[in-house]
Amino acid sequence: MDGSDLDDVYAVTLGKGDRLDVTVASSDPVAALLFEPGTEDVYGQLDRAVACGGGAAADCPTAGLHFEAGTRGTYLLDVYSTDSTSHYRLTWTVQNAAGLPIEVAVPACSPNRDGVKDRCAWSAGALPGWEVSSFVTSGAELVDGQGGPGAHTWDGGTSSQGSYMLRILYASPGGRDLLRAFVLTLDIQRPQIADATAAPNPFEPRPSDGDRDTTTFAMTSSERGRLRVVIYRYASTEVVRVLDGGEQAAGRQRVSWTGKTSSGAWLRGTFSYVLETTDAAGNTSRSQRHHVRVL
């Protein structure tokens, strides 16, 4: 910047909630003002300034400029000198509140043709003017490549079990690239389970006297997984209750039962139960049938 033009004006588009951080590095007195969308004259519309950077010499609270957008729009960034000439290096970073339109719906899959998470799946939404490409890699080796926005899947091909890197690249005609990376996992091994129990057994939910009112189903699993208990009428396939213990860590997994059906009816007698755990890739292991008695 020299004496004939001591201002440079840049435009930056922000979405609602996006955070803008600006740094101006210079040995000369250089500052920055950010103006709200709709500003046409940074000289004559100083009342539209919403943030500034440059420190006390520029009457700004901080050396850098920091701003969170309350509305979506194109903001003007005025970088100016209070001296007769200046050289500077401008850096700005935008942290997008919404991020890129990417969703990795199935990051772990088991290509064993059982109909449960047979393919890893993701989607990369379109951005006007940007090209989108997806790459699956193992170390430096390209395993799979898919172009274009939209929904994508990968069944592992001939790849072996293990972790892979999914990279989604957005490239603009101006040479700007945005890259996001995610881990994909191929896993066809079922969790190893052992020691399925119900304790106390028998138990007595009525009267509710604090003595053996509930029983706890438990088993040990080699993997993190979603625990379920299926309770049947004794010596039949009729299901009287399914308990969902949610996602649980590897090791001892547990869920309790009060002796009621899902509709709240009390049960009494001997029942069969099966414990099962399902890992992140959809592989399920089930225990043998065991018995529990409700007094």
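Here are some residues: THR137, THR85, THR93. Which one is among the β-branched types (Val, Ile, Thr) and modelled with pLDDT of 95 or more?
Residue meeting the stated conditions: THR137.
If I ask for residues that are assigned to a strand (DSSP E or B) and closer than 14 Å to THR278 by Cα, which ones from segment 107-120 would you list?
ALA108, CYS109
Among (1) surrounded by 15 or more Cβ atoms within 10 Å (Cβ to Cβ); (2) of a type in the set (Gly, Ala, Ser); (3) over 36 Å from the mean Cα position of the chain (by Cα), there is one condition ALA250 misses while meeting the rest; what is its number?
(3)
Within segment 121-164, which residues are part of a loop (DSSP other than H, G, I, E, B) and within 23 Å of ARG176 (Cα to Cα)?
Of everything in segment 121-164, those that are part of a loop (DSSP other than H, G, I, E, B) and within 23 Å of ARG176 (Cα to Cα) turn out to be GLY125, ALA126, LEU127, PRO128, GLY129, TRP130, ALA140, GLY148, PRO149.
Do any residues in segment 277-289 that are at positive phi have Cβ atoms under 6 Å from those of residues that are surrounded by 18 or more Cβ atoms within 10 Å (Cβ to Cβ), where the two are at least six apart or on different chains, and which pairs are they?
GLY282/SER110; GLY282/LYS117
Output the residues belonging to segment 165-194 that are assigned to a loop (DSSP other than H, G, I, E, B) and basic (Lys, Arg).
The first filter runs over segment 165-194 and keeps only residues assigned to a loop (DSSP other than H, G, I, E, B), leaving 172-176, 187-192.
Listed by number, the residues that qualify are ARG176, ARG190.
Residue-wise test of (1) open to solvent by 70 Å² or more (accessible area, probe 1.4 Å); (2) in contact (Cβ under 8 Å) with a residue 24 or more places away in the chain; (3) at positive phi.
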| residue | (1), (2), (3) |
| --- | --- |
| LEU178 | no, yes, no |
| ILE193 | no, yes, no |
| SER221 | no, yes, no |
| ARG228 | yes, yes, no |
| GLY246 | no, no, yes |
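Scan the strands (runs of 3 or more DSSP E) fully inside segment 3-93 and keep the ones with 1 or more residues being without any contact (Cβ under 8 Å) to a residue 40 or more places away in the chain and either crowded, with 17+ Cβ neighbours inside 10 Å or hydroxyl-bearing (Ser, Thr, Tyr) (or both).
Of the strands (runs of 3 or more DSSP E) lying wholly inside segment 3-93, those with at least 1 residues that are without any contact (Cβ under 8 Å) to a residue 40 or more places away in the chain and either crowded, with 17+ Cβ neighbours inside 10 Å or hydroxyl-bearing (Ser, Thr, Tyr) (or both) span 49-53.
Restricting the search to segment 195-219, which residues are among the acidic types (Asp, Glu) and either open to solvent by 60 Å² or more (accessible area, probe 1.4 Å) or part of a strand (DSSP E or B) (or both)? Steps first, answer last, please.
Step one: list which residues in segment 195-219 are among the acidic types (Asp, Glu), which gives 195, 204, 209, 211, 213.
Selection gives ASP195, ASP209, ASP211.
Can you go through SER110, SER133 and tell me which one is within 21 Å of the chain's Cα centre (by Cα), open to solvent by less than 30 Å² (accessible area, probe 1.4 Å) and of a type outside the set (Asp, Glu)?
On inspection, the qualifying residue turns out to be SER110.
The values are calculated or read from the model by the stated rules, or taken from the named source; none is laboratory data. Bear in mind that the values here come from a model prediction, so they are computed numbers and not experimental data. Every residue, glycine as well, gets a Cβ built from its backbone with ideal geometry; the counts of neighbours run over all protein chains shown. Side chains included, ligands, DNA and RNA excluded: accessible areas come from the protein's heavy atoms. Shrake-Rupley method; radii C 1.70, N 1.55, O 1.52, S 1.80 Å.
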